[in-house]
1. Once you've got the Cα coordinates, tell me which of Lys21/Lys41; Lys41/Lys71; Lys21/Lys48 are over 23 Å apart.
2. List the trypsin sites (Lys or Arg not before Pro) within the range 45-92 that fall in a DSSP loop (any state other than H, G, I, E or B) and whose Cβ has at most 14 other Cβ atoms within 10 Å.
3. Give me the net charge for the shell around Val49: Cβ to Cβ below 12 angstrom, other residues only, Lys and Arg +1, Asp and Glu -1.
4. I'm checking a number: the convex hull volume of the Cα atoms of the chain, normalised per residue, in Å³. What is it?
5. Where does helix 59-70 land angle-wise versus the long Cα axis of the chain, in degrees 0 to 90, nearest 10?
6. If you take the beta carbon distance between Thr27 and Thr77 as r and set R0 to 35 Å, what does 1/(1 + (r/R0)^6) give as a FRET efficiency, to the nearest 0.05?
7. Return one number: the angle in degrees, 0 to 90 and rounded to the nearest 10, between the long axis of the Cα atoms of helix 75-94 and the longest principal axis of the Cα atoms of the chain.
Amino acid sequence: MSNSKPVYKVMDEKGRILIPKQLRAATGMNHGDIIKLTVQKGVVAAKKVDIIEVGDQSPQAVEAYVFSAVKTMEKQTLLSLAAQLIALIEEITRE
């Protein structure tokens, strides 16, 4: 795909763009994958990664890690996690 013509997209009001299917396929990007965004010399790069950088505990990194991890969790582990999250939400809403 590196020798193909550029693809132009219009960004929506929330700053989102759709990465076309052929580009996602060429890079192995799938729903639920962690995509690392970087900026170098004014160019935004998007790269699929399998792991969050060690030590990055930003809310975005933690969210990406959790969403990626749940794809491989066993059903019982997911149910336990969901129950804990529901209990936490109930506790927060009571305050």
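Bear in mind that the values in this text are calculations on the coordinates, not laboratory data. Computed from a prediction, not measured in an experiment: that's the story for all the values here. Cβ coordinates were reconstructed from backbone atoms using ideal geometry, including for glycine residues, and neighbour counts include every protein chain displayed.
1. Values: Lys21/Lys41 27 Å; Lys41/Lys71 34 Å; Lys21/Lys48 14 Å.
Cα-Cα > 23 Å for Lys21/Lys41; Lys41/Lys71; rest within.
2. Values: sites: Lys47, Lys48, Lys71, Lys75; in loops: Lys71.
Answer by residue number: Lys71.
3. Details: positive: Lys36, Lys47, Lys48; negative: Asp33, Asp50, Glu53, Asp56.
Its environment carries a net charge of -1.
4. Numbers: hull volume 16.4 nm³, N = 95.
Value for the chain: 173 Å³ per residue.
5. 80
6. Working: r = 29 Å, r/R0 = 0.84.
So the FRET efficiency works out to roughly 0.75.
7. 70
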